[in-house]
Amino acid sequence: MVSTSTRIGSFHFDNCLMNAAGVYCFSKEELEAIDTSAAGSFVTKTATLEARQGNPEPRYVDTDLGSINSMGLPNLGIDYYLDYVTQLQDTPNSKNHFLSLVGMSPEDTHTILKKVQDSAYKGLVELNLSCPNVPGKPQIAYDFETTDQLLAEVFSYYKKPLGVKLPPYFDIVHFDQAAAIFNKYPLTFVNCINSIGNGLVISDETVVIKPKDGFGGIGGDYVKPTALANVHAFYKRLNPTIAIIGTGGVRTGRDAFEHILCGASMVQIGTILHQEGPEAFTRITKELQDIMSEKGYQSLEDFRGKLQYLS
Ligand code: RRO
């Protein structure tokens, strides 16, 4: 009776829950573990043109309230992930998937996207505009002029369904300015949020991760209010043709429910997936279904975006 199925653009998903890029998505083995779980889809680790080792370890640490990471974009290169998702799309009853990517320069980004454009891959692509952890490379989406220019160039040749992964914004004016840019382009979705960049976690007197003197992206419970605010801010501002994917602080069905209430069509799970493994999808789906049943909601459309305000 209760369905957690959803759509992003023209793509159907039996379940609205999936992994967040960076967790359970480095290798085919990890991606297969998500594909065969209760998740409705997977997204690959953000791929660059060439494979990368990433930053020195330790570079990911779980904390009581979430996680900190400075992975530094370790990945097996675009060809590995593009070949895998292209191969999967031709298998019977395949789920739909997301291919995450970004270049180490605008030129690289165009080379990668042209490769995807010319490939047989028909699925969704997520352009990561928000990696916080590559020394010397600022998060692209905090520079509105660069973002606008990049998207203008991309959409001059890229004709397949494309969305962007965004960093958290913290000011109403920035929500307005960012949304005005995204509304100029035929984006299929925006994904809010990436980790909150450049936090610092300390144990006794020492930082807990090695790269960048301990500075890293924060995820988990710490970030849920910021994630919900970004999901809702963009839900209110973006053209209705642009779907919102909600990511950040989802550990329970209640958290997923809140993301959907704020306007998310799909909900991604990062830190808690890292801590619990793919069984988390079974648990969180059940918890979400139970909340929907209690409230008499049969589908996500019954409550998506219907956040109530105090009058
Ligand atoms: O690899 C990473 O360090 C990383 C990436 Br690309 C990202 O988008 N977000 C994040 O928290 N870490």
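Here are the numbers:
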| item | result |
| --- | --- |
| Distance between modelled label sites at residue 10 and residue 294, nm, 7 Å Cα→Cβ extension | 4.0 nm |
| Lysines with Cα under 26 Å of residue 286, excluding same-chain neighbours fewer than 8 positions away | 95, 224, 295, 306 |
| Full-extension gain in nm, residue 204 to residue 184, via 0.36 nm per residue minus C-alpha separation | 2.4 nm |
| Computed FRET value (nearest 0.05) for residue 107 with residue 286, which takes r as the C-beta separation and R₀ as 45 Å | 0.45 |
| Whole-Å distance, taken between Cα centres, linking the range 219-248 and the range 177-217 | 14 Å |
| Förster radius 45 Å - calculated FRET efficiency between residue 237 and residue 119 (Cβ-Cβ, nearest 0.05) | 0.85 |
| Amide hydrogen neighbours beyond the local backbone of residue 41, cut-off 5 Å, H modeled | 19 |
| Residue-span extension gain [residue 64 to residue 252] - 0.36 nm each, minus C-alpha spacing | 66.1 nm |
| Carbon plus sulfur fraction of accessible area for the range 102-215, probe 1.4 Å, in percent | 55 percent |
| J(HN,Hα) series, the range 174-186, from Karplus relation 6.51 cos²θ - 1.76 cosθ + 1.60, nearest Hz, glycine and proline x | 5, 4, 4, 5, 5, 5, 4, 5, 5, 5, 7, 10, x |
| Highest average packing first - 252-261, 51-60, 6-15, Cβ atoms within 10 Å | 252-261, 6-15, 51-60 |
| Sum of side-chain charges, residue 262 neighbourhood, beta-carbon under 10 Å (Lys, Arg +1; Asp, Glu -1) | +2 |
| Net length gained if the chain between residue 3 and residue 153 were fully extended (0.36 nm per residue, minus Cα distance) | 50.1 nm |
| Per-residue [θ]222 nm for the chain (sum of -39500 (n - 2.57) over DSSP H runs n ≥ 4, rounded to 500) | -10000 deg cm²/dmol |
| Value of Rg/Rh across the chain [Cα atoms, Kirkwood radius] | 0.94 |
| Förster-model FRET efficiency, 41 Å R0, residue 90 and residue 144, C-beta, rounded to 0.05 | 0.55 |
| Distance in nm between pseudo-label sites at residue 36 and residue 279 (7 Å out along the Cβ direction from Cα) | 1.6 nm |
| Cross-link pairs beyond the 30 Å C-alpha cut-off, checked among 115/137; 184/210; 45/159; 28/165 | 184/210 |
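The values are calculated or read from the model by the stated rules, or taken from the named source; none is laboratory data. This one's a predicted model, so the numbers in the text were calculated from it and none came from an experiment. All Cβ positions, glycine included, derive from the backbone under ideal geometry; neighbour counts span all protein chains shown. Each accessible area value is taken on the protein alone, full model and side chains, heavy atoms only, with ligands, DNA and RNA left out. Shrake-Rupley method; radii C 1.70, N 1.55, O 1.52, S 1.80 Å.
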